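Trainee: I'd like to ask some things about the structure below.
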Amino acid sequence: MISQRQLFLSHVAQTSPAPLLLEIVSASGVYLHDINGKKYIDLIAGISVSNIGHCHPKVVKAVQEQAEKFMHLLVYGEYVYAPQTLLAKALCDVLPAQLDNVYLVNSGTEATEAAIKLVKRYSGRAEIISFKKSYHGSTTGALSLMGDEYFKENFRPLMPGTKQIDYGKLEALESITRQTAAVFFEPIQAESGISIPSIEYVQALRKRCDEMGALLVFDEIQTGFGRTGKLFCFEHYDVVPDVLLLAKGMGGGMPIGAFIANKSIMHCLSENPVLGHITTFGGHPVTAAAALANLSVLYSENIIDQVETKGRCFDKYLHHQKAISYRRKGLMIALQFADFETNKKIIDDCIAHGVITDWFLFAPDCLRIGPPLIINENEIEQSCAIINNAMTRHL
Ligand code: PMP
(Lines give C-alpha, C1' and ligand atoms only; values in the text may rest on other atoms or scores of the structure.)
Protein backbone atom coordinates (compact mmCIF):
# COMPACT_ATOMS: atom_id res chain seq x y z
CA MET A 1 0.00 0.00 0.00
CA ILE A 2 1.21 3.51 -0.78
CA SER A 3 2.14 5.28 2.44
CA GLN A 4 0.73 8.65 3.49
CA ARG A 5 4.24 10.02 3.19
CA GLN A 6 4.51 8.90 -0.45
CA LEU A 7 1.10 10.41 -1.21
CA PHE A 8 2.17 13.65 0.45
CA LEU A 9 5.37 13.85 -1.57
CA SER A 10 3.70 12.84 -4.85
CA HIS A 11 0.43 14.72 -4.80
CA VAL A 12 0.52 17.49 -2.21
CA ALA A 13 2.19 20.58 -3.67
CA GLN A 14 5.55 21.07 -2.02
CA THR A 15 6.96 24.40 -0.88
CA SER A 16 10.16 23.15 0.68
CA PRO A 17 12.91 20.74 -0.33
CA ALA A 18 13.01 19.52 3.27
CA PRO A 19 9.56 19.36 4.89
CA LEU A 20 9.38 18.10 8.47
CA LEU A 21 7.40 15.02 7.36
CA LEU A 22 6.00 14.21 10.80
CA GLU A 23 2.90 12.11 10.27
CA ILE A 24 0.41 13.41 12.80
CA VAL A 25 -2.77 11.47 13.54
CA SER A 26 -4.19 13.37 16.51
CA ALA A 27 -3.65 16.47 18.62
CA SER A 28 -4.89 17.58 22.00
CA GLY A 29 -3.85 20.43 24.31
CA VAL A 30 -0.10 20.96 23.88
CA TYR A 31 0.47 17.48 22.42
CA LEU A 32 0.69 16.08 18.91
CA HIS A 33 0.70 12.30 18.34
CA ASP A 34 2.30 10.70 15.30
CA ILE A 35 1.51 7.51 13.43
CA ASN A 36 4.07 5.55 15.47
CA GLY A 37 2.46 6.49 18.76
CA LYS A 38 5.14 9.05 19.56
CA LYS A 39 4.02 12.08 21.55
CA TYR A 40 5.41 15.58 20.96
CA ILE A 41 5.08 18.79 22.94
CA ASP A 42 4.12 21.42 20.37
CA LEU A 43 6.28 24.41 21.25
CA ILE A 44 5.22 26.40 18.19
CA ALA A 45 1.41 26.03 18.30
CA GLY A 46 1.12 25.73 14.52
CA ILE A 47 2.89 29.14 14.36
CA SER A 48 0.88 31.11 16.90
CA VAL A 49 -2.44 29.48 16.05
CA SER A 50 -3.34 26.98 18.77
CA ASN A 51 -3.19 29.48 21.63
CA ILE A 52 -5.86 27.66 23.65
CA GLY A 53 -4.38 24.27 22.73
CA HIS A 54 -5.26 21.76 20.05
CA CYS A 55 -8.85 20.57 19.82
CA HIS A 56 -10.15 22.54 22.77
CA PRO A 57 -13.46 20.80 23.66
CA LYS A 58 -15.41 24.08 23.61
CA VAL A 59 -14.18 24.90 20.10
CA VAL A 60 -14.90 21.36 18.90
CA LYS A 61 -18.41 21.59 20.36
CA ALA A 62 -19.05 25.02 18.79
CA VAL A 63 -17.93 23.71 15.40
CA GLN A 64 -20.09 20.59 15.65
CA GLU A 65 -23.16 22.49 16.78
CA GLN A 66 -22.85 25.14 14.09
CA ALA A 67 -22.12 22.57 11.34
CA GLU A 68 -25.39 20.87 12.20
CA LYS A 69 -27.36 24.12 11.92
CA PHE A 70 -25.91 25.58 8.71
CA MET A 71 -22.59 26.07 7.00
CA HIS A 72 -22.05 28.35 4.01
CA LEU A 73 -25.12 30.37 3.02
CA LEU A 74 -24.06 33.26 0.78
CA VAL A 75 -21.07 35.50 0.09
CA TYR A 76 -19.97 37.87 2.84
CA GLY A 77 -22.17 40.74 3.88
CA GLU A 78 -25.70 39.80 2.82
CA TYR A 79 -27.44 37.53 5.31
CA VAL A 80 -27.66 38.16 9.04
CA TYR A 81 -26.63 35.18 11.17
CA ALA A 82 -25.66 34.67 14.75
CA PRO A 83 -22.11 33.39 14.98
CA GLN A 84 -20.89 36.22 12.73
CA THR A 85 -22.76 39.06 14.45
CA LEU A 86 -21.92 37.76 17.92
CA LEU A 87 -18.25 37.43 17.05
CA ALA A 88 -18.08 40.97 15.65
CA LYS A 89 -19.78 42.29 18.80
CA ALA A 90 -17.54 40.23 21.12
CA LEU A 91 -14.42 41.61 19.40
CA CYS A 92 -15.65 45.20 19.57
CA ASP A 93 -16.47 44.73 23.26
CA VAL A 94 -12.84 43.92 24.07
CA LEU A 95 -11.35 46.62 21.82
CA PRO A 96 -11.03 50.40 22.29
CA ALA A 97 -14.22 52.23 21.30
CA GLN A 98 -12.88 53.50 17.96
CA LEU A 99 -12.30 49.96 16.69
CA ASP A 100 -15.98 49.24 16.28
CA ASN A 101 -16.37 47.63 12.86
CA VAL A 102 -15.23 44.13 11.92
CA TYR A 103 -14.76 42.59 8.50
CA LEU A 104 -14.25 38.82 8.79
CA VAL A 105 -11.99 37.13 6.24
CA ASN A 106 -10.32 33.74 5.81
CA SER A 107 -6.65 34.27 6.58
CA GLY A 108 -3.97 36.70 7.62
CA THR A 109 -2.87 37.51 4.13
CA GLU A 110 -6.46 38.28 3.09
CA ALA A 111 -6.77 40.65 6.05
CA THR A 112 -3.62 42.41 4.81
CA GLU A 113 -4.83 42.53 1.20
CA ALA A 114 -8.21 43.95 2.12
CA ALA A 115 -6.62 46.47 4.49
CA ILE A 116 -4.33 47.65 1.67
CA LYS A 117 -7.42 48.38 -0.40
CA LEU A 118 -9.19 50.02 2.53
CA VAL A 119 -6.37 52.45 3.36
CA LYS A 120 -5.88 53.43 -0.28
CA ARG A 121 -9.56 53.97 -0.81
CA TYR A 122 -10.00 55.90 2.46
CA SER A 123 -6.98 58.17 2.12
CA GLY A 124 -6.94 58.64 -1.63
CA ARG A 125 -3.15 58.12 -1.34
CA ALA A 126 -1.13 55.36 -2.98
CA GLU A 127 2.02 54.91 -0.90
CA ILE A 128 2.22 52.17 1.69
CA ILE A 129 5.08 51.95 4.15
CA SER A 130 6.12 48.75 5.88
CA PHE A 131 9.33 47.55 7.52
CA LYS A 132 12.45 45.62 6.69
CA LYS A 133 12.04 41.97 7.74
CA SER A 134 8.29 42.38 8.09
CA TYR A 135 5.90 39.59 7.12
CA HIS A 136 2.26 40.35 6.30
CA GLY A 137 1.36 37.38 4.10
CA SER A 138 2.23 35.70 0.85
CA THR A 139 -0.30 36.95 -1.72
CA THR A 140 0.87 39.62 -4.15
CA GLY A 141 -0.18 42.72 -2.21
CA ALA A 142 1.04 41.37 1.11
CA LEU A 143 4.25 40.18 -0.54
CA SER A 144 4.80 43.72 -1.83
CA LEU A 145 4.94 44.87 1.80
CA MET A 146 7.32 42.12 2.87
CA GLY A 147 10.70 43.33 4.05
CA ASP A 148 12.88 40.68 2.43
CA GLU A 149 14.21 40.70 -1.13
CA TYR A 150 14.97 36.97 -1.37
CA PHE A 151 11.30 36.06 -1.01
CA LYS A 152 10.11 38.85 -3.33
CA GLU A 153 12.49 39.22 -6.20
CA ASN A 154 11.32 36.36 -8.43
CA PHE A 155 7.70 37.46 -8.21
CA ARG A 156 8.16 40.97 -9.56
CA PRO A 157 6.51 43.15 -10.74
CA LEU A 158 4.73 43.54 -7.43
CA MET A 159 2.45 46.32 -6.22
CA PRO A 160 4.04 49.74 -6.86
CA GLY A 161 4.24 52.50 -4.26
CA THR A 162 5.57 50.47 -1.35
CA LYS A 163 8.62 51.26 0.75
CA GLN A 164 10.27 49.26 3.56
CA ILE A 165 11.95 51.27 6.28
CA ASP A 166 14.14 50.25 9.25
CA TYR A 167 12.17 48.73 12.12
CA GLY A 168 12.52 50.38 15.50
CA LYS A 169 14.63 53.33 14.25
CA LEU A 170 13.21 56.74 15.10
CA GLU A 171 15.03 58.53 12.21
CA ALA A 172 13.33 56.25 9.67
CA LEU A 173 9.90 57.57 10.65
CA GLU A 174 10.67 60.67 8.59
CA SER A 175 9.93 58.56 5.50
CA ILE A 176 6.26 58.75 6.50
CA THR A 177 4.88 61.80 4.67
CA ARG A 178 1.65 63.29 3.38
CA GLN A 179 1.93 60.90 0.44
CA THR A 180 1.61 57.92 2.77
CA ALA A 181 -1.73 56.17 2.84
CA ALA A 182 -0.77 53.89 5.71
CA VAL A 183 2.00 52.26 7.66
CA PHE A 184 1.71 48.50 8.19
CA PHE A 185 3.43 47.58 11.44
CA GLU A 186 3.92 44.46 13.55
CA PRO A 187 4.00 45.62 17.19
CA ILE A 188 6.49 42.80 17.74
CA GLN A 189 8.20 41.70 14.58
CA ALA A 190 7.95 37.94 14.60
CA GLU A 191 9.78 36.53 11.59
CA SER A 192 12.88 38.65 12.15
CA GLY A 193 13.33 36.49 15.27
CA ILE A 194 11.20 38.43 17.79
CA SER A 195 12.16 42.12 17.57
CA ILE A 196 10.58 44.11 20.37
CA PRO A 197 10.41 47.88 19.79
CA SER A 198 10.46 50.40 22.63
CA ILE A 199 7.30 52.08 23.89
CA GLU A 200 8.77 55.46 22.90
CA TYR A 201 9.29 54.28 19.34
CA VAL A 202 5.76 52.94 18.92
CA GLN A 203 4.32 56.14 20.39
CA ALA A 204 6.50 58.21 18.03
CA LEU A 205 5.22 56.12 15.11
CA ARG A 206 1.63 56.81 16.16
CA LYS A 207 2.41 60.54 16.46
CA ARG A 208 4.13 60.73 13.07
CA CYS A 209 1.19 58.98 11.37
CA ASP A 210 -1.22 61.42 13.01
CA GLU A 211 0.86 64.42 11.91
CA MET A 212 1.02 63.19 8.33
CA GLY A 213 -2.59 62.01 8.16
CA ALA A 214 -1.43 58.44 7.46
CA LEU A 215 -3.37 55.50 8.83
CA LEU A 216 -1.58 53.15 11.20
CA VAL A 217 -2.29 49.48 10.61
CA PHE A 218 -1.19 47.00 13.28
CA ASP A 219 -0.64 43.49 12.05
CA GLU A 220 -1.45 41.43 15.15
CA ILE A 221 -1.87 38.25 13.18
CA GLN A 222 0.90 36.63 15.18
CA THR A 223 0.88 38.74 18.35
CA GLY A 224 -2.88 38.63 18.94
CA PHE A 225 -5.14 36.62 21.20
CA GLY A 226 -2.97 36.62 24.30
CA ARG A 227 0.39 35.61 22.83
CA THR A 228 2.28 38.56 24.38
CA GLY A 229 0.48 38.57 27.72
CA LYS A 230 -2.28 41.00 26.70
CA LEU A 231 -5.21 40.19 24.45
CA PHE A 232 -3.54 42.39 21.82
CA CYS A 233 0.03 43.59 21.76
CA PHE A 234 -0.88 47.25 21.13
CA GLU A 235 -2.08 47.37 24.75
CA HIS A 236 1.57 47.23 25.89
CA TYR A 237 2.32 50.54 24.16
CA ASP A 238 -0.71 52.60 25.13
CA VAL A 239 -1.50 53.40 21.50
CA VAL A 240 -4.47 52.40 19.36
CA PRO A 241 -4.06 51.55 15.67
CA ASP A 242 -6.50 52.79 13.04
CA VAL A 243 -6.79 49.33 11.54
CA LEU A 244 -6.14 46.03 13.30
CA LEU A 245 -5.32 42.82 11.40
CA LEU A 246 -6.08 39.48 13.03
CA ALA A 247 -5.93 35.79 12.10
CA LYS A 248 -3.96 32.75 13.36
CA GLY A 249 -4.86 32.47 17.08
CA MET A 250 -8.33 33.85 16.38
CA GLY A 251 -10.12 30.66 15.40
CA GLY A 252 -8.95 28.15 18.00
CA GLY A 253 -7.44 26.15 15.12
CA MET A 254 -9.99 27.06 12.44
CA PRO A 255 -9.09 29.36 9.50
CA ILE A 256 -10.37 32.86 10.10
CA GLY A 257 -9.03 36.40 9.98
CA ALA A 258 -10.35 39.91 10.35
CA PHE A 259 -9.56 43.53 9.78
CA ILE A 260 -11.10 45.95 12.19
CA ALA A 261 -11.42 49.74 11.97
CA ASN A 262 -13.75 52.56 12.82
CA LYS A 263 -17.05 52.45 10.98
CA SER A 264 -16.25 55.81 9.34
CA ILE A 265 -13.21 54.22 7.67
CA MET A 266 -14.77 50.84 6.89
CA HIS A 267 -17.72 52.59 5.28
CA CYS A 268 -15.51 53.14 2.19
CA LEU A 269 -15.92 49.51 1.21
CA SER A 270 -19.65 49.88 0.66
CA GLU A 271 -19.61 52.73 -1.86
CA ASN A 272 -17.67 53.85 -4.93
CA PRO A 273 -17.38 51.01 -5.73
CA VAL A 274 -19.97 49.02 -3.84
CA LEU A 275 -18.64 45.64 -2.74
CA GLY A 276 -15.20 47.12 -2.15
CA HIS A 277 -13.96 43.80 -0.84
CA ILE A 278 -15.68 40.57 -1.79
CA THR A 279 -15.17 37.19 -0.18
CA THR A 280 -17.22 34.04 -0.57
CA PHE A 281 -16.26 32.36 2.67
CA GLY A 282 -15.31 35.34 4.88
CA GLY A 283 -17.29 35.22 8.11
CA HIS A 284 -18.14 31.56 7.55
CA PRO A 285 -20.63 30.45 10.22
CA VAL A 286 -18.54 27.50 11.42
CA THR A 287 -15.26 29.38 11.69
CA ALA A 288 -17.03 32.34 13.31
CA ALA A 289 -18.53 29.96 15.89
CA ALA A 290 -15.07 28.55 16.57
CA ALA A 291 -13.60 32.05 16.97
CA LEU A 292 -16.36 33.03 19.37
CA ALA A 293 -15.67 29.94 21.50
CA ASN A 294 -11.92 30.65 21.31
CA LEU A 295 -12.36 34.19 22.63
CA SER A 296 -14.63 33.06 25.42
CA VAL A 297 -12.16 30.33 26.49
CA LEU A 298 -9.31 32.85 26.65
CA TYR A 299 -11.33 34.72 29.31
CA SER A 300 -13.19 31.92 31.11
CA GLU A 301 -9.98 29.96 31.69
CA ASN A 302 -8.06 33.10 32.61
CA ILE A 303 -5.39 32.17 30.07
CA ILE A 304 -3.97 35.59 29.21
CA ASP A 305 -3.22 36.60 32.80
CA GLN A 306 -0.95 33.56 33.17
CA VAL A 307 1.11 34.17 30.03
CA GLU A 308 3.81 36.34 31.59
CA THR A 309 4.31 33.94 34.52
CA LYS A 310 4.71 31.08 32.06
CA GLY A 311 7.14 33.17 30.02
CA ARG A 312 9.20 33.63 33.19
CA CYS A 313 9.27 29.84 33.60
CA PHE A 314 11.07 29.70 30.24
CA ASP A 315 13.53 32.34 31.54
CA LYS A 316 14.12 30.11 34.55
CA TYR A 317 14.36 26.63 33.01
CA LEU A 318 16.01 27.41 29.68
CA HIS A 319 19.82 27.62 29.69
CA HIS A 320 19.52 30.62 27.43
CA GLN A 321 22.89 31.98 28.50
CA LYS A 322 24.35 29.42 26.09
CA ALA A 323 22.69 31.17 23.14
CA ILE A 324 24.01 34.31 21.45
CA SER A 325 20.85 36.11 22.44
CA TYR A 326 17.48 35.40 24.01
CA ARG A 327 14.41 37.53 23.32
CA ARG A 328 11.01 37.11 24.90
CA LYS A 329 7.69 38.88 25.23
CA GLY A 330 4.97 36.79 26.87
CA LEU A 331 5.14 33.42 25.14
CA MET A 332 6.90 34.69 22.00
CA ILE A 333 10.50 33.59 22.31
CA ALA A 334 13.62 33.44 20.15
CA LEU A 335 16.96 31.84 20.99
CA GLN A 336 19.70 32.96 18.64
CA PHE A 337 22.64 30.73 17.66
CA ALA A 338 25.69 31.26 15.45
CA ASP A 339 24.08 30.15 12.20
CA PHE A 340 21.29 28.14 10.60
CA GLU A 341 23.30 24.91 10.64
CA THR A 342 23.70 25.01 14.43
CA ASN A 343 20.07 25.97 14.89
CA LYS A 344 18.87 23.20 12.59
CA LYS A 345 20.85 20.57 14.50
CA ILE A 346 19.28 21.75 17.76
CA ILE A 347 15.79 21.81 16.22
CA ASP A 348 16.19 18.29 14.78
CA ASP A 349 17.51 17.03 18.10
CA CYS A 350 14.52 18.55 19.94
CA ILE A 351 12.07 16.96 17.51
CA ALA A 352 13.80 13.59 17.85
CA HIS A 353 13.33 13.91 21.62
CA GLY A 354 9.67 14.91 21.40
CA VAL A 355 9.67 18.71 21.33
CA ILE A 356 8.56 20.52 18.20
CA THR A 357 10.27 23.79 17.49
CA ASP A 358 11.27 25.68 14.35
CA TRP A 359 13.27 28.60 12.93
CA PHE A 360 12.01 31.99 11.75
CA LEU A 361 11.53 32.97 8.12
CA PHE A 362 13.99 35.89 8.18
CA ALA A 363 16.07 34.62 11.10
CA PRO A 364 17.16 31.09 10.26
CA ASP A 365 19.72 31.26 13.08
CA CYS A 366 16.96 31.69 15.70
CA LEU A 367 14.97 28.92 17.38
CA ARG A 368 11.26 29.62 17.74
CA ILE A 369 9.39 28.99 20.98
CA GLY A 370 5.72 29.93 20.99
CA PRO A 371 3.73 27.18 22.69
CA PRO A 372 -0.01 26.96 23.23
CA LEU A 373 -0.67 29.46 26.03
CA ILE A 374 -2.22 26.67 28.11
CA ILE A 375 1.15 24.92 28.54
CA ASN A 376 1.83 24.26 32.25
CA GLU A 377 5.01 24.67 34.28
CA ASN A 378 5.79 20.97 34.24
CA GLU A 379 5.54 20.85 30.44
CA ILE A 380 7.72 23.97 30.20
CA GLU A 381 10.33 22.37 32.46
CA GLN A 382 10.29 19.14 30.42
CA SER A 383 10.62 20.90 27.08
CA CYS A 384 13.36 23.22 28.34
CA ALA A 385 15.32 20.17 29.55
CA ILE A 386 15.13 18.74 26.03
CA ILE A 387 16.26 22.03 24.46
CA ASN A 388 19.04 22.38 27.05
CA ASN A 389 20.31 18.89 26.25
CA ALA A 390 20.23 19.65 22.54
CA MET A 391 22.20 22.87 23.15
CA THR A 392 24.76 20.92 25.20
CA ARG A 393 25.18 18.43 22.35
CA HIS A 394 25.47 20.96 19.53
CA LEU A 395 26.97 24.18 20.87
N1 PMP B 1 1.15 38.64 9.25
C2 PMP B 1 1.93 38.03 10.15
C3 PMP B 1 2.62 38.86 11.20
C4 PMP B 1 2.11 36.65 10.11
O5 PMP B 1 2.90 36.05 11.01
C6 PMP B 1 1.43 35.90 9.12
C7 PMP B 1 1.59 34.40 9.01
N8 PMP B 1 2.81 33.89 9.38
C9 PMP B 1 0.62 36.58 8.20
C10 PMP B 1 0.50 37.95 8.30
C11 PMP B 1 -0.11 35.85 7.11
O12 PMP B 1 -1.11 35.04 7.64
P13 PMP B 1 -1.67 33.80 6.81
O14 PMP B 1 -0.59 32.78 6.73
O15 PMP B 1 -2.88 33.36 7.58
O16 PMP B 1 -2.04 34.31 5.46
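The values are calculated or read from the model by the stated rules, or taken from the named source; none is laboratory data. Computed from a prediction, not measured in an experiment: that's the story for all the values here. Here the Cβ is made from the backbone with ideal geometry for all residues, glycine too, and neighbour counts use every protein chain on show. These area figures cover heavy atoms from the full protein model, side chains too; ligands, DNA and RNA do not enter into them. Shrake-Rupley method; radii C 1.70, N 1.55, O 1.52, S 1.80 Å.
Trainee: In a shell of Cβ-Cβ distance under 10 Å around GLU127, excluding GLU127 itself, what net charge do Lys and Arg (+1) and Asp and Glu (-1) give?
Mentor: Working: positive: LYS120, ARG125, LYS163, ARG178; negative: none.
Value of the local net charge: +4.
Trainee: How big is the dipole moment of the chain about its Cα centre under a simple scheme where the beta carbon of each Lys and Arg is +1, that of each Asp and Glu is -1, and everything else is neutral? Debye, nearest 20, please.
Mentor: I would put it at about 140 debye.
Trainee: Still on this structure, I have one more. How many angstrom separate the Cα center of segment 39-58 from the Cα center of segment 71-118?
Mentor: That distance is 24 Å.
Trainee: Measure out, as a whole number of angstrom, how far apart the alpha-carbon centroids of segment 171-239 and segment 265-325 sit.
Mentor: When both Cα centres are located, 16 Å separates them.
Trainee: Another question about this same structure. Could you tell me which residue out of PHE70, ALA289, ALA172 lies farthest along the dipole of the chain toward its positive end? Charges go on the beta carbon: Lys and Arg +1, Asp and Glu -1, centred on the Cα centre.
Mentor: ALA172
Trainee: Which peptide among 153-160, 233-240, 251-258 comes first, and what is the full order, when sorted by highest mean count of other Cβ atoms within 10 Å?
Mentor: Ranked by mean Cβ neighbours within 10 Å, highest first: 251-258, 233-240, 153-160.
Trainee: Give, in nm to one decimal, the length gained when the segment between ALA352 and GLU271 is fully stretched (0.36 nm per residue of separation minus the Cα-Cα distance). It would help to have the intermediate numbers written out before the result.
Mentor: Numbers: separation 81, 0.36 × 81 = 29.16 nm, distance 5.51 nm.
Residue separation times 0.36 nm, minus the Cα-Cα distance, leaves 23.6 nm.
Trainee: Could you order the peptides 274-280, 319-325, 373-379 from most to least packed, using the average number of other C-beta atoms within 10 Å per residue?
Mentor: In decreasing order of mean packing, 274-280, 319-325, 373-379 become 373-379, 319-325, 274-280.
Trainee: When only Cα pairs under 8 Å and 6 or more residues apart are kept, what is the percent relative contact order across the chain?
Mentor: 23
Trainee: Let me ask another. Net charge near LEU318: determine it from the other residues with C-beta under 14 Å of the C-beta of LEU318, scoring Lys and Arg +1 and Asp and Glu -1.
Mentor: Once positives and negatives cancel, what remains is +3.
Trainee: Rounded to the nearest whole Å², what accessible area per residue is found for the chain with the 1.4 Å probe?
Mentor: That works out to 44 Å² for each residue.
Trainee: Run the accessible area of segment 342-393 with a 1.4 Å probe and give the carbon-and-sulfur part as a rounded percent.
Mentor: 51
Trainee: How big is the antiparallel share of DSSP beta bridges in segment 87-244, given as a percent to the nearest 5?
Mentor: 5
Trainee: Still on this structure, I have one more. Which residues does the label zone of ASP238 cover in segment 201-228, counting backbone N under 17 Å from a point 7 Å along Cα→Cβ?
Mentor: What the label zone holds, given the 17 Å backbone N cut-off, is 201-208.
Trainee: Would you mind counting up the charge near GLY276? Only other residues with Cβ under 11 Å from its Cβ, with Lys and Arg at +1 and Asp and Glu at -1. Could the numbers behind the result be given before it?
Mentor: On the way: positive: LYS117, LYS120, ARG121; negative: GLU271.
Result for the local shell: +2.
Trainee: With respect to the cross-link table entries LYS169/LYS344; LYS89/LYS133; LYS89/LYS316; LYS152/LYS316; LYS58/LYS230, which display a Cα-Cα separation exceeding 32 Å?
Mentor: LYS89/LYS133; LYS89/LYS316; LYS152/LYS316
Trainee: Under the rule of at least 5 residues apart or a separate chain, name every residue whose amide H is placed under 5 Å from the amide H of SER107.
Mentor: GLY257
Trainee: How large, in percent, is the carbon and sulfur part of the accessible surface of segment 79-132 at a probe radius of 1.4 Å? Before the final figure, lay out each step's value.
Mentor: Details: 1250 of 2180 Å².
Taking all protein chains in place, segment 79-132 shows 57 percent carbon and sulfur surface.
Trainee: What distance in nm separates the simple spin-label points at GLN14 and GLN321, each placed 7 Å from Cα in the Cβ direction?
Mentor: 4.4
Trainee: Which percent, nearest 5, of DSSP beta bridges in the chain are antiparallel? Mind dumping the intermediate values first?
Mentor: Values: 30 of 46 bridges.
Here the antiparallel bridges make up roughly 65 percent for the chain.
Trainee: Per the 1.4 Å probe, what fraction of the accessible area of segment 1-48, in percent, lies on carbon and sulfur atoms?
Mentor: Ligands and nucleic acids excluded, carbon and sulfur give 59 percent.
Trainee: Given H placed on each backbone N at 1.01 Å, which residues far from ALA214 in sequence or on other chains put an amide H within less than 5 Å of it?
Mentor: Result for ALA214 returns nothing.
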